[in-house]
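Shown next, in structure tokens, is the structure this report addresses.
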Amino acid sequence: MIILQDITYLHPNRDLLFADLNLVINKHDKIALTGNNGVGKSSLLNVIAGNLISSKGLVKTDSKPYYVPQIFGQFNDYTVAQALQIEGKLQSLKEILDGQVTEENLALLDDDWAIEERCKSAFAHWKLEEVSLGQKMESLSGGQKTKVFLAGIRIHQPEIILLDEPSNHLDTRSRQILYEDLVASRKTLLVVSHDRTLLNLLDVVFELDKGGITVYGGNYDFYATQKTLESEALTQALKNKEKVFRKAKETEKEALERQHKLDARGKKKQEKAGVPTIFMNTLRNNAEKSTSRMKGVHAEKTTAISEELTQLRKELPGIDKMKMDFDSSALHKGKILVEAKDLNFGYHDQLLWKQGLNFQIKSGERLAVRGGNGSGKTTLIKMILGQLEPHSGSIERADVQSIYMDQDYALIDPGLQVYEQAQQYNSGALQEHEIKIRLNRFLFTKEDWDKPCKALSGGEKMRLMLCSLTISNQAPDIIVLDEPTNNLDLKNIEILTNAVNEYQGTLLLVSHDEYFLKQVNAVDFIDLDLQV
């Protein structure tokens, strides 16, 4: 069980991250924790794990949680055994078996005589046979580091498991192992993830935002449906409030017009009746005061409605404010853009694939390139884009415009500011105010225009890249997306998905995110695991 009571966390610079969180997770619950980047999901997991101390409040757990982090750089100087915190046990076991049966060694081992067998079994489960416990973490790939910590679950056998983006660096086959383990687990799980397939395996979704934690009693699909209903209700409330605002303005206008007519009619009668000038001035002043009071009453009403409108618009999801306006590729559907015959590439005189690749890429297609880590996906993409030439076979490319977007959005120049980056794509000679209008559509307000690109999050870089493409005079004929959802939260994945679905050109996608591939209607192109 996990109990949080009035948990508040401040950054070291005293900036508030979240406040007064209350939460109960019962034994055997499987909980997904969602929320936009920056709201504090990882920090909350670290508070529960005991790696961070909350500024206020109390954390109670009925056993020590096991934490799988999202970032591993802090472990680079550790051995695998040190990172898993089992080096002491393993050393004690070795010394005991060598005859050093000391009280210290027995205390460290704590009767865990099967520790070596569990390590071997856990590493075999995660296909880590080539990784040794004495190996430095820095020598491992991102996927291997993730699998080392996931193997730690089988080694430590904890009752409470905290997972922070556990599928981020995993290929399709490793993700499948993770999914099966989560389904089979009878432990208490709290999982931060943007992997919609994984989220659908969990029983309940908790959403963390500035207002606290909201509980949605179902998996991701249930949560997504509820969020859609909330968004639709908010949009309808906004439309209704806009209608009330227009009506209030019309009523104000009509009332003032009636008052002016009455005042004018009264003045004419008074002039005909020969009312003295001094009395006429008194009547005019009274009329002006009456009109001013009326204006004040109506202004107070319309101001209140206007403030309510502003608040409702702030609550609208960012995606509802965005307009993609992608131009279509100038190429006709079905034109052959790339054709490969017996294509292969080699490193150190060793060809990547056991057989040469034969394929065509036609205009308008949406193709998914599959394959595990190290199967040659990046090499294949570089040959398709003309950045590498094959070592055997041939590849012919039509004269087309292409753009490659990797998971780090390297096309964004860290030396530029946001406005300057957008200006780089201004091939249509848009005016400055027009570029700033586009930036606003993609949620970059006036305060963001001078922000350095190196300070942007993954989601912000993605939105700036999409904005830049809409500023460009002509959409590229081919867009290659390489693991595009890896560093994005759910909101930004939805933004990317909508943008991709509006694009009419050719898409080549490298992704292990099955949910995303399905949403953008990508079809299988090549599975490189079958070629190695």
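Just a yes or no: is a residue in the range 14-21 within 22 Å of the chain's Cα centre (by Cα) and either open to solvent by 40 Å² or more (accessible area, probe 1.4 Å) or touching a residue at least 40 places away in the same chain (Cβ under 8 Å) (or both)? Looking through the range 14-21, at least one residue is within 22 Å of the chain's Cα centre (by Cα) and either open to solvent by 40 Å² or more (accessible area, probe 1.4 Å) or touching a residue at least 40 places away in the same chain (Cβ under 8 Å) (or both). Is it the case that some residue within the range 153-164 is modelled with pLDDT under 90 and within 22 Å of the chain's Cα centre (by Cα)? There is no residue in the range 153-164 that is modelled with pLDDT under 90 and within 22 Å of the chain's Cα centre (by Cα). Among the residues of the range 478-532, those identified as among the aromatic types (Phe, Trp, Tyr) and open to solvent by 10 Å² or more (accessible area, probe 1.4 Å) are Tyr515, Phe525.
Considering only residues in the range 39-59 that are in contact with a Ser or Thr (Cβ under 8 Å, 6 or more places away or on another chain) and crowded, with 18+ Cβ neighbours inside 10 Å, the one that is nearest to Pro12 (Cα to Cα) turns out to be Ser54.
In the set Asp171, Asp181, only one residue is touching a residue at least 60 places away in the same chain (Cβ under 8 Å) and acidic (Asp, Glu); that residue is Asp171. As a summary of the residue check, Ala475 satisfies the conditions (1) under 24 Å from Arg438 (Cα atoms); (2) open to solvent by 10 Å² or more (accessible area, probe 1.4 Å); (3) not in a helix (DSSP H, G or I) except for the one numbered (2). Note on the range 138-172: residues that are out of contact with any Pro (no Cβ under 8 Å at 6 or more places or on another chain), of a type outside the set (D, E, K, R), within 16 Å of Ala184 (Cα to Cα) and part of a helix (DSSP H, G or I) amount to 2.
Among the residues of the range 71-88, write down those that are open to solvent by less than 60 Å² (accessible area, probe 1.4 Å) and touching a residue at least 24 places away in the same chain (Cβ under 8 Å).
If the condition is that a residue be open to solvent by less than 60 Å² (accessible area, probe 1.4 Å) and touching a residue at least 24 places away in the same chain (Cβ under 8 Å), then Phe72, Phe75, Asn76, Thr79, Val80, Ala81, Ala83, Leu84, Ile86 are the ones that fit.
The values are calculated or read from the model by the stated rules, or taken from the named source; none is laboratory data. All values derive from a computational prediction rather than experimental measurement. All Cβ positions, even for glycine, are placed from backbone atoms using ideal geometry, and neighbour counts span all protein chains on display. Only protein heavy atoms, including side chains, enter the accessible area calculation; ligands, DNA and RNA are left aside. Shrake-Rupley method; radii C 1.70, N 1.55, O 1.52, S 1.80 Å.
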